[in-house]
Each structure stands twice: as C-alpha cells, then as structure tokens.
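Engineer: Mind looking over this structure? Questions follow.
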Amino acid sequence: MENPKYFLIVNLIAGQGRCKEIFPAVQKELDRNGIDYDLHYTNEPEEATDVARMGIEAGFTHIVAVGGDGTVNEVANGVVGSDAVLAVIPAGTGNDFIHMTGIPSDYRQAVRVLMHGSQRMIDLGRIADGRYFVNGLGIGIDAQVARDVLKMERLRGAPAYLYAAVKEVFRFPAFPVTLKGNGWSEQKSCISLGFANGKYTGGGFKLAPLAEIDDGKIDIAAIGDFPKLERLIRLPQARKGEHLKLSNVSYHQDVSVTVFSDAKLIAHIDGEPYKLPKGEFSVRVEPNALRVLAP
C-alpha cells in the first residue's frame, strides 16, 4: 500500500495503566522511525469503535489499536467491513490476540511491524446482536475471572489471571446450557463455555487449543462441573490446552451455534465484561472478515 496513513487509537488505562507508562516511549519510537500519524485517546467504553470508523472516513488506511485485547476488539468492530487495516501495538493485561497473529509483545518490534508487516485476512466471531470478537466470547468462570482482573491494582498479565482463576475455582457455581449446532445438540451443566476464534483467552489460557483465526470455524469448548478440589487440579490442564481428553469436557467446531440457558449468565468478550442478548442467541463465524497487519 502506497503512502499508508496511520491513525492510533490509544487506551491509556489498558493493562491497569501499563499503556500510560509506555506510550511516551512508543511515540518516541514512532518519531525515530519517521512514521507520520494522528492519534486519539479514548475515554469511554466502546468509544474506539466509533473513532475507528471516523478515522477510516477521514482517509486513514491503518487503524492502530494501542492497548489490550479489549481495545483491539473495539477497534476491530469499527474496522470490519472496510478496506482499512487493523494494526496493534500491545499494551494490555492479557494481550491474547497477538499470540495468534505473531505480533511482538515488545512495542519497539511492534512498531517495526507497522513499517514492514504484511496484510492477512482473519476470521471474526459474531454474536446475534451484531458484536464481533477477535479472540472469543466466554461464559462462566472465565468471565468472572476477567471481571476480577479488572479490579486488581497490583497484579498484571498472566499472574493476575492465574490468581483470579484459582480464587474462582472454589466459589463459582455451575450453570445449565443447551447448545445446538449443525447436526448436533447438547445439554450440559458447565463452569465454562467458550466460543473461540483463537486459541488463547484470559492471559494465555489455551481453552480452545484447536482454534485457528483463519479456518472458517468457531470452536466451542464446554467444560462441565467438577468437585472443587478437582477443579483446582484441572486448572493447569486448561491453561495448557490439555483438558479436551477429560470426559466432562465437550468440544465442537462449527460455523454457527445457538445457545440457551434459563440461568443468568455472566460473559466476557475479548476479556471485557459483556451483556449477552436476552433469551436464546446465536454465535457464528464471519470468514475472512478483517484485514490485519502481521509480521
């Protein structure tokens, strides 16, 4: 692409303030490499989606999410459906999206990707209310863990998610759910139900170890209930992606799935609290929906 125009959307509170700490250095790196850019600092939830759309309308070719997975999600929801490219300078808590795209975690190397990276198309997940996700939609214990992490002031990154997960293992209640896919259905009592576009969630938990962001499918991982002590034993298996062999875990790959539960479900979308549509709802894949910049 000739003469790329970069528009940075910056969430300074991402990573419990990590973004605010490193962004001056990011700017110096951009200036040192002669990268011309405009920027916008976000102040409200979901603001980045509207700002991304405005940036595209203004003629920017590369919309750069500077923050964590939540920021990437919001920017992706603004970029999808356009010819613009999503780029990422990671500065969040979990940064799960970059593991699937190969984007470096170090901001200096991420800036180099802006200059020398290649475009690739990836899938997105889409919920019935029109919201897209880049990593996954999580219901249950992982959603509660994501909320716990947002309240933490000292712990960051993977240690924060791990601490919260161990705590919730002993207190999170199971919930009933009915799933209907293409040629299959299932009723299950779960502690975790994940709809994944990528392998990773929750700061590196490999809850959907078979997921690929360009395979045209959504991976559905349903983890049933275990006694509380066994939950603690199974937690490391879920982190490593070794839980699929457990008899109380079911796993499907499909283009769409319908979900129903008569319980009040708690959910997250790419690590941020999310209010699910009321009643029965669907989740489906949108193949080749987003153009991203990767090494």
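The values are calculated or read from the model by the stated rules, or taken from the named source; none is laboratory data. Quick caveat: nothing in here was measured; it's all calculated off a predicted structure. With ideal geometry, Cβ positions are generated from the backbone for all residues, glycine too; neighbour counts draw on all protein chains shown.
Engineer: For region 1-46, what are the residues that are at positive phi, surrounded by fewer than 16 Cβ atoms within 10 Å (Cβ to Cβ) and polar (S, T, N, Q)?
Structural biologist: Asn3
Engineer: Need at least 1 residues that are over 20 Å from the mean Cα position of the chain (by Cα) and under 28 Å from Thr93 (Cα atoms) per element, so show me which strands (runs of 3 or more DSSP E) inside region 224-279 make the cut, counting only ones lying wholly within it. It would help to see each step written out before you state the result.
Structural biologist: Working: elements: 249-254, 256-260, 267-269, 272-274.
So the answer is 249-254.
Engineer: Tell me, yes or no, whether region 200-218 has at least one residue that is more than 21 Å from Pro273 (Cβ to Cβ), more than 23 Å from the chain's Cα centre (by Cα) and not β-branched (Val, Ile, Thr).
Structural biologist: The answer is no; no qualifying residue exists.
Engineer: Test Gly17 against the stated conditions and say whether it is without any contact (Cβ under 8 Å) to a residue 24 or more places away in the chain and assigned to a helix (DSSP H, G or I).
Structural biologist: yes
Engineer: Identify, from the list Gly198, Gly203, the residue that is over 25 Å from Phe281 (Cβ atoms), in contact with a Phe, Trp or Tyr (Cβ under 9 Å, 6 or more places away or on another chain) and buried (at least 16 other Cβ atoms within 10 Å of the Cβ). Even if it seems obvious, please write down each step before you answer.
Structural biologist: Working: Gly198 fails: over 25 Å from Phe281 (Cβ atoms).
The unique qualifying residue is Gly203.
Engineer: Moving on. Kindly establish whether Ala221 is at pLDDT below 95 and either surrounded by 23 or more Cβ atoms within 10 Å (Cβ to Cβ) or part of a loop (DSSP other than H, G, I, E, B) (or both). Full working, then the answer.
Structural biologist: Details: at pLDDT below 95: no; either surrounded by 23 or more Cβ atoms within 10 Å (Cβ to Cβ) or part of a loop (DSSP other than H, G, I, E, B) (or both): yes.
Here the answer is no, as Ala221 does not meet what is asked.
Engineer: Next up: Tell me which residues, restricted to region 129-143, are at pLDDT below 95 and surrounded by fewer than 20 Cβ atoms within 10 Å (Cβ to Cβ).
Structural biologist: Asp129
Engineer: Run down Thr61, Thr101, Thr71 and say which single residue is touching a residue at least 40 places away in the same chain (Cβ under 8 Å), of a type in the set (Val, Ile, Thr) and crowded, with 24+ Cβ neighbours inside 10 Å.
Structural biologist: Thr71
Engineer: Report, by residue number, each residue of region 99-157 that is within 22 Å of Pro173 (Cβ to Cβ) and either among the polar types (S, T, N, Q) or in a strand (DSSP E or B) (or both).
Structural biologist: Within region 99-157, Gly136, Leu137, Gly138, Ile139, Gly140, Gln144 meet the criteria.
Engineer: Does Ile122 satisfy the criteria of being in the same structural domain as Gly15 (by TED's automatic domain parsing) and among the hydrophobic types (A, V, I, L, M, F, W, C)?
Structural biologist: The answer is no for Ile122.
Engineer: Can you name the residue in region 196-212 that is hydrophobic (A, V, I, L, M, F, W, C) and outside any loop (DSSP other than H, G, I, E, B) and, of all such residues, is nearest to Leu229 (Cα to Cα)?
Structural biologist: Ranking the candidates gives Phe205 first.
Engineer: In region 143-170, what count of residues is obtained for those that are touching a residue at least 24 places away in the same chain (Cβ under 8 Å), closer than 18 Å to Tyr274 by Cα and of a type outside the set (A, V, I, L, M, F, W, C)?
Structural biologist: Number of matching residues: 3.
Engineer: Let me ask something additional. Looking at region 24-90, what strands (runs of 3 or more DSSP E) fall wholly within it and have at least 2 residues that are among the aromatic types (Phe, Trp, Tyr) and modelled with pLDDT of 95 or more? Explain how you work it out, then say what you get.
Structural biologist: Numbers: elements: 37-41, 62-67, 85-90.
So the answer is 37-41.
Engineer: Still on this structure, please answer the following. Name the single residue, out of those in region 144-172 being touching a strand residue (DSSP E or B) at 6+ places or on another chain (Cβ under 8 Å) and surrounded by fewer than 20 Cβ atoms within 10 Å (Cβ to Cβ), that is farthest from Ala267 (Cα to Cα). Steps first, please.
Structural biologist: Our first condition is that a residue be touching a strand residue (DSSP E or B) at 6+ places or on another chain (Cβ under 8 Å); within region 144-172, this holds for 146-147, 150, 161, 165, 172.
With the extra rule that they be surrounded by fewer than 20 Cβ atoms within 10 Å (Cβ to Cβ), the set shrinks to 147, 150.
Working: Arg147: 9, Leu150: 14 Å.
If we take residues in region 144-172 being touching a strand residue (DSSP E or B) at 6+ places or on another chain (Cβ under 8 Å) and surrounded by fewer than 20 Cβ atoms within 10 Å (Cβ to Cβ), then Leu150 is farthest from Ala267 (Cα to Cα).
Engineer: Name the residues in region 179-195 that are of a type in the set (Phe, Trp, Tyr), in a strand (DSSP E or B) and either surrounded by fewer than 17 Cβ atoms within 10 Å (Cβ to Cβ) or more than 21 Å from the chain's Cα centre (by Cα) (or both), would you? Lay out the reasoning, then the answer.
Structural biologist: Of the residues in region 179-195, the ones of a type in the set (Phe, Trp, Tyr) are 184, 195.
If we keep only those that are in a strand (DSSP E or B) too, we end up with 195.
Answer for region 179-195, where residues must be of a type in the set (Phe, Trp, Tyr), in a strand (DSSP E or B) and either surrounded by fewer than 17 Cβ atoms within 10 Å (Cβ to Cβ) or more than 21 Å from the chain's Cα centre (by Cα) (or both): there is none.
Engineer: Could you please let me know if Ala110 is closer than 23 Å to Ala160 by Cα, touching a residue at least 12 places away in the same chain (Cβ under 8 Å) and small (Gly, Ala, Ser)? Working first, answer last.
Structural biologist: Values: closer than 23 Å to Ala160 by Cα: no; touching a residue at least 12 places away in the same chain (Cβ under 8 Å): yes; small (Gly, Ala, Ser): yes.
Here the answer is no, as Ala110 does not meet what is asked.
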